[in-house]
Amino acid sequence: MTNLIYDGTFEGLLTAVFDVYAHKLGIVKLHQGEYIDGALFDKKLQVITDETRANRVLKTLKVKLSSMGVQRLYAAHLAEIPGEDNNLLGFIRYAIDSDENIEEDYGNKYVMRVSEMVCKIRRERHRMEAFIRFQKLQDGSFYAGIEPDFNVLPLLIRHFKNRYADMKWMIYDLRRKYGIYYDLHDTEFIILDFANNGRPADVVAAYTEDEGIYQHLWKNYFNSVNIASRKNTKLHVRHIPKRYWKHLTEKI
Amino acid sequence: MDADRITEKLNILADAAKYDVSCASSGSKRKNENKGLGNASNGICHSYTEDGRCVSLLKILLTNHCIFDCAYCVSRKSNDIQRAAFTVQEVVDLTINFYRRNYIEGLFLSSGIFKDADFTMERLVRVAKKLRLEHNFNGYIHLKSIPGASDELMNEAGLYADRLSVNLEMPTEAGLKLLAPDKSHQDMIKPMGYLKNAIIQHTEEKKLFKKAPMFAPAGQSTQVIIGATPEDDNQILHSANYFYKNFKLRRVYYSGYVPVLEDSRLPALNTSVPMVRENRLYQADWLMRNYGFHVSEIVNNSQPHLDLDIDPKLSWAIRNMHEFPVDVNRADLKMILRVPGIGVLSAQKIVSARKFGKLNWDQLKKIGVSVNRARYFITCHSKEFERRDLTGNAIKQFILATSHSKYIKNVQTQLNLF
Ligand code: SF4
């Protein structure tokens, strides 16, 4: 078995695939991180991310998979779900080694696993589309802080850009410390410098005048649509797991 | 803005609207136009109430003043409650401000009937028109059609709203007569018929000219109240089927009657909400719409009630053991869909995956089949399969013994009442 160490990028992953075929490697194990000489594994190889090689692999994948299939693979890697590198590698190798498109071969463990990952990511993306709560700031723009389980912020851009085309907004991933900002024309990635402990403490201070009123109205609305005689806490928590509550206006 | 006054109105008028269970905001295709605000397509639940229902729309009444006296309704004329009314502008402002904060997908506006049908309908239409034309709002709008409103107003409503609905409320005409003496069945059916034709006509036009205006792109729906009158499930589902077929409804909603009023025509105030029955009706409805079941396969004269302890698909299967076992590696999709424990997604996955090789139990499990249920009804690429010649009843007992139904508790409390 050979241990492959790569830098965690998608190009890095594709370069690793290139190396697997170039060196005719059989069983491999993929790790993310820095290559440290000598230590830990007996047989190991450093993957040096290389755009040309990565592109050659990508080109092959585009032949072997549908364009949706390639996108799904990309999203699965982007999400940074821990411990899945080897499944992604297994999927890619299976796709390349097969003569026909294997995307729907759910009997295969890698195909099934990637489909499960895509499901998880899609669910997290949907949750964000649902649970993001914008707050209106004095300059007329809208701000939302999020802490998703996976790195799904880039997957949210299209939805929010289509929907809130006529207002400036920002969504900030507080855990991964970056955000997207829409300025009425385009979106860009940004990194904010929150003075201490990474929380936008001054957001409340920056509220526009009626922000508090609408938050209050929304909480009221949320309470009055409840039908007490049908209470079902288990179902409620299954739909909105507690970890999302701290950014939900109606649950704060 | 007088925040206290608005808060008070919102509390009253949201509270009065909450018994309408429809929450869907999907099925429309409205895009964001000219860099306006919003779009309506995917139907997101932005929150969930503590009873576990989806909160997707700002669901309110324009007013709870009403000239009618329907027995099952909190807003009925003779009920001594606080009354309130929003202005058109207040509803518009609330909708826009909630929408911008990503609280909602749009607005579901209904109303008590003040003065007369047209007067009321005209106000509802004005809210929608203002949102669309003045605020360039492309979010979802569901308007209640007031029974007896004129065709001209219904037409205008269709041009601005994504969905329209008339609530039948009672599953049969007799039930309606008993509990809503002011309402005529005819008045309720008429706007549905008008809308059905208008929707068909606009869809045809849209095929010819891309620029033709949209007309209620998310179609029509209705709601029936369950358990306020003595109709059985056979009557309820057949009448739902009738409306699906004849009025091309997108959805029929079933709302378990919540006892809110003392009235000799109604179940007593301490009666519990028939939640299990409501759930079974939704499951049955689902089977009719997505699983290719005909209504009379689910309920009929000799089987007038849905089982409360098992779901209608399992119930059908054990009544039709001669159709099983099904070989999942060969059977067509239609039959696989009928297997208890296999959902639409799993069924499609099975049909795709088996082209690459025959599937075994492990793979079925991974695909998402609930093998605990399905094992009594299928064979696959494995030597293991159910060899005992079990009766439907025995299977039911096995499945009930191994599943921890969230409803068992409820079934018991409901049964205790009898
Ligand atoms: S007409 Fe509507 S609001 Fe008025 S009492 Fe009947 S159901 Fe209630």
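Condition check for B:S26 on (1) touching a Lys or Arg at 6+ places or on another chain (Cβ under 9 Å); (2) away from chain A (no Cβ under 12 Å); (3) away from the ligand (no atom under 16 Å from the Cβ); (4) hydroxyl-bearing (S, T, Y): one failure, at (1).
If the requirement is being among the charged types (D, E, K, R), within 16 Å of the ligand (Cβ to nearest atom) and open to solvent by less than 70 Å² (accessible area, probe 1.4 Å), which of these qualifies: B:E231, B:E169, B:E205?
Numbers: B:E231 fails: within 16 Å of the ligand (Cβ to nearest atom); B:E205 fails: within 16 Å of the ligand (Cβ to nearest atom).
None of the others qualify; the one that does is B:E169.
Restricting B:Y19, B:Y72 to those that are farther than 23 Å from A:I132 by Cβ, at pLDDT below 95, open to solvent by 40 Å² or more (accessible area, probe 1.4 Å) and not small (G, A, S) reduces the list to B:Y19.
What's the total number of residues in region B:38-69 that are more than 14 Å from every other protein chain (Cβ to nearest Cβ), surrounded by fewer than 24 Cβ atoms within 10 Å (Cβ to Cβ) and of a type in the set (A, V, I, L, M, F, W, C)?
At the first step, the residues of region B:38-69 found to be more than 14 Å from every other protein chain (Cβ to nearest Cβ) are B:62-63, B:65-69.
Subset that is surrounded by fewer than 24 Cβ atoms within 10 Å (Cβ to Cβ): B:63, B:65-69.
The next check asks that each one be of a type in the set (A, V, I, L, M, F, W, C); those that pass are B:66-68.
Residues in region B:38-69 being more than 14 Å from every other protein chain (Cβ to nearest Cβ), surrounded by fewer than 24 Cβ atoms within 10 Å (Cβ to Cβ) and of a type in the set (A, V, I, L, M, F, W, C): 3 in total.
Condition test on B:K77, is it in contact with a strand residue (DSSP E or B) (Cβ under 7 Å, 6 or more places away or on another chain), open to solvent by 10 Å² or more (accessible area, probe 1.4 Å), within 12 Å of the ligand (Cβ to nearest atom) and within 26 Å of B:E173 (Cβ to Cβ)? When the stated conditions are applied, B:K77 does not pass them. Within region B:96-113, the set of residues being part of a loop (DSSP other than H, G, I, E, B) and within 15 Å of the ligand (Cβ to nearest atom) comprises B:S111, B:G112, B:I113. Taken over region B:133-148, residues that are open to solvent by 10 Å² or more (accessible area, probe 1.4 Å) and either within 14 Å of chain A (Cβ to nearest Cβ) or within 16 Å of the ligand (Cβ to nearest atom) (or both) amount to 7. Taking B:Y103, is it touching a His at 6+ places or on another chain (Cβ under 7 Å) and open to solvent by less than 10 Å² (accessible area, probe 1.4 Å)? In short, yes.
The values are calculated or read from the model by the stated rules, or taken from the named source; none is laboratory data. Keep in mind it's a predicted model, so treat the numbers as computed, not measured. Cβ sites come from the backbone with ideal geometry, for glycine too, and all protein chains shown count toward neighbours. Each accessible area value is taken on the protein alone, full model and side chains, heavy atoms only, with ligands, DNA and RNA left out. Shrake-Rupley method; radii C 1.70, N 1.55, O 1.52, S 1.80 Å.
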